[in-house]
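Here's the structure we're looking at; comments come further down.
The values are calculated or read from the model by the stated rules, or taken from the named source; none is laboratory data. Treat the numbers as computed from the prediction; the structure is a model and nothing was measured. Cβ placement follows ideal geometry from the backbone for every residue including glycine, while neighbour counts extend to all protein chains displayed. What goes into the accessible areas is simple: the full protein's heavy atoms, side chains included, and nothing from ligands, DNA or RNA. Shrake-Rupley method; radii C 1.70, N 1.55, O 1.52, S 1.80 Å.
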Amino acid sequence: MAVETLSEHRCFGGVQGFYRHESTAIGLPMRFGVFLPPQAAKGPVPVLFYLAGLTCTEETFAIKAGAQRLAAKLGLAIVTPDTSPRATGIEGADAAWDFGHGAGFYLDASEAPWSRHFRMECWIVEELRALVFERFALRRDRVGVFGHSMGGHGALTLALRHPSLFQSVSAFAPIAAPTQCPWGEKAFTGYLGEDRARWAEHDATELIQAGKRCPPLLIDQGRADQFLAAQLHPDKLEAACRAAGQPLTLRWHEGYDHGYYFVQSVVADHLRHHARTLEKLG
């Protein structure tokens, strides 16, 4: 697959790059970032897919999280997909910050006109995955996924829906029960229609209750998060995991809000969580 290099930057002995390709799944050009640690110069390294939140792009985590220093030390690559198709020409795609452009919710839309281009799940787990393994020195058998907010939702649901693809998973302040919050109700109605049974297929809490399982989860949540009460509902996910026997470590942090200052504060623990989990695979 042809990949256009938009920019590449030396970073902690490795390379932080940003790229674009013509996506068959989406039907439009799609952008993504890749951090390659210095160890990749000698051979394939484990890789984490990081899924960003509402309004973010493929650059957000690379610029704001400060993850490259430790990722370079641990020998972890990080792939950062964009959060939605862009310039789709769909009426209303720019009308709201929490739906449409910048708000793909990591699912494949079934409702017109969104179904024409909003196929984020297919793009990430099939097309982008194949592309980065072909283009970069990455281990196909050591793959983790993590994300923030909407991207935390994506990390949890993709890990649960595709358990053979991801060997480690974590999330920062995820939308943990989207069928029970305004963000999820808005997105799922628009992308999936009125059938709530279809919504449940993209809700981590519902998936666990339905018997889906994934590697042990690490979730960090700030108690001063402005979206906690109305949108995130980690307590519902925690209850579902406890009832189902799904391993979960849910850590609460006093005084922390929803933004990237919080992500910066705990990202090192997440990188180490993934590194330890992937190393245990032998």
At the level of C-alpha centres, the distance separating the stretch 1-55 and the stretch 57-131, in angstrom, is 12
Using a simple spin-label model with points 7 Å from Cα along the Cα→Cβ vector, what separation in nm is obtained for D257 and A210? 3.6
What accessible surface, in Å², does a 1.4 Å probe find on F227, ignoring ligands, DNA and RNA and rounding to the nearest 10? 60
Might you report the magnitude of the Cβ-based charge dipole of the stretch 1-149 about its Cα centre, with Lys and Arg at +1 and Asp and Glu at -1, to the nearest 20 debye? 820
Sequence-distant aspartates and glutamates (8 or more away, or on other chains) whose Cα lies within less than 17 Å of K236: E185, E201, D203, E206, D220, D225
Taking a probe of 1.4 Å, how large is the accessible area per residue of the chain, in Å²? 39
Just to confirm a number: summing +1 for Lys and Arg and -1 for Asp and Glu over residues other than F172 whose beta-carbon lies under 11 angstrom from that of F172, what do you get? -2
Any idea which of S170, T88, Q231 is furthest toward the positive side of the dipole for the chain, if Lys and Arg beta-carbons carry +1 and Asp and Glu beta-carbons -1? S170
Determine the order of W252, W183 by accessible area, beginning with the largest, at a probe radius of 1.4 Å. W252, W183
As I understand it, the dipole of the chain uses +1 on the Cβ of Lys and Arg and -1 on the Cβ of Asp and Glu, about the Cα centre. Which of F18, V79, L271 lies farthest toward its positive end? L271
I need the shape label for the stretch 12-81. Rule: rounded when a/c is under 1.5, else prolate if a/b > b/c, else oblate, with a, b, c from the alpha carbon gyration tensor. oblate
Quickly estimate the mean residue ellipticity at 222 nm for the chain, helices only: each DSSP H run with n ≥ 4 gives -39500 (n - 2.57), and the total goes over all residues, rounded to 500. -8500 deg cm²/dmol
Percent of C-alpha pairs per 5 Å bin, the stretch 3-280, short to long: 1, 6, 14, 18, 20, 18, 13, 7, 2, 0, 0
For labels at S7 and A230 in the simple 7 Å Cα→Cβ model, what's the distance in nm? 3.4
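If you place +1 on the Cβ of every Lys and Arg, -1 on the Cβ of every Asp and Glu, and leave all else neutral, what size is the dipole of the chain about its Cα centre, to the nearest 20 Debye?
Its charge dipole is roughly 1120 debye.
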